[in-house]
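The numbers here are math on the coordinates, done by the rules we state, and not lab data. Since this is a predicted model, take the numbers as computed values, not measurements. Methodologically, a virtual Cβ is constructed for each residue, glycine included, from the backbone with ideal geometry; neighbour enumeration extends over all protein chains shown.
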Amino acid sequence: MRLTVLGGCGAWPTVRQACSGYLVEHDGFRLLIDPGYATFPRLLDHITPDRVDAVLVSHGHPDHCADLNPLLRARALSATPPSPLPLHAPYGALDAVLALDKPSMLASSYTVRSFWPGERFGIGPFAVDTWNLPHFVPNAGLRLSAGGASLAYTGDTGPSPDISRLADGADLFLSEATYLYTVPDPNDAPYLLTARGAGQYAARAGAGRLLLTHLWPGTDENAALKAARDAYNGPVAVASTGLAVDAAAC
């Protein structure tokens with residue numbers, strides 16, 4: 001199982017970093033997770049739009065799904081449109097982005113396969129387990145298993161005991177880390193994590209490797225790494241555009 005980071009910036013993209021977006025590949029199957037702002041051009045650095053086999057979205061915030069629109073446009077408006085793209089997302093999460101164009105324009109380019117966070121299902125070669133993790137909107141923590149390897153991804157979340165269950169023994173733990181040590185607004189604290197918190201969950205779960213993502217724009221990556229390493233002794237990196245990780249090697 002191989003993960004390629006298309007972006008890992010929280011809230012909005014910067015000149016160097018797209019928002020959340022990850023291409024996960026196994027046995028020739030290409031799964032796009034969370035196509036947020038500015039991830040579509042980065043996807044094109046690796047594959048053409050017709051070669052995406054399925055999309056999996058953790059929640060409906062645009063920094064996690066806005067670039068689904070150009071992906072579907074590129075497929076629907078091509079000279080030889082590919083078969084409809086399966087879109088897996090929590091119920092209602094894609095309503096806004098799918099409403100950006102008139103239904104007749106894109107309707108033949110996708111099929112929506114909604115789920116409730118907490119359900120288990122398959123996508124191609126991947127077994128997908130989901131957890132209902134706390135955020136401002138319904139958010140699914142995702143765990144993918146294939147070929148003996150496992151990838152756990154929080155989406156966006158606040159503190160929860162389910163994070164340790166999600167990441168338990170995972171080869172690769174991709175965790176949101178919006179802030180360094182504390183969430184500055186107490187009203188946001190139940191719905192966002194810190195780099196230090198991500199490190200604590202990785203340590204409790206015995207995860208093989210930690211990737212920090214969804215850093216607030218302008219965050220010093222070295223400071224985020226230090227905050228995570230205060231709690232976790234395993235390998236830590238920041239999910240920066242272009243980073244590729246073989247989960248089986250973790």
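Under a Gaussian network description of the chain, with springs only between Cα atoms under 10 Å, the residue in 20, 58, 104 that fluctuates furthest is 104. Restricting the calculation to alpha carbons of segment 23-160 gives Rg and Dmax of 14.3, 47 angstrom. GNM remark for the chain: springs join alpha carbons under 10 Å apart, and the peak mean-square fluctuation among 128, 15, 55 falls on 15.
Between residue 48 and residue 164, the modelled labels are 4.9 nm apart [label points 7 Å from Cα along Cα→Cβ]. Candidates 133, 64, 149 compared by Cα position along the dipole of segment 2-249: farthest toward the positive end lies 149, with charges placed on Cβ.
Exposure proxy for 120, 204, 196: other Cβ atoms within 10 Å of each Cβ, ordered fewest to most, give 120, 204, 196. Taking label points 7 Å from Cα along the Cα-to-Cβ direction, residue 204 and residue 79 give a separation of 5.5 nm. For segment 5-60 and segment 72-137, what is the separation of their Cα centres, given in Å? Between the Cα centres of segment 5-60 and segment 72-137 lies a distance of 13 Å.
Think of the chain as having a plus end and a minus end, set by charges on the Cβ of Lys, Arg, Asp and Glu; of 203, 32, 177, 32 sits farthest toward the positive end of this dipole. Highest mobility in the GNM of the chain, judged by mean-square fluctuation with C-alpha springs under 10 Å and restricted to 46, 135, 214, is found for 46.
Normalized C-alpha radius of gyration of the chain, against 2.2 N^0.38 Å? Against the empirical 2.2 N^0.38 Å value, I get 0.93 for the chain. Listed by Cβ neighbour count within 10 Å, with the fewest neighbours leading, 102, 226 appear as 102, 226. The relative contact order of the chain, computed from alpha carbon pairs under 8 Å that lie at least 6 residues apart in sequence, is 19 percent. Based on Cα contacts under 8 Å between residues 6+ apart, segment 1-106 shows a relative contact order of 22 percent.
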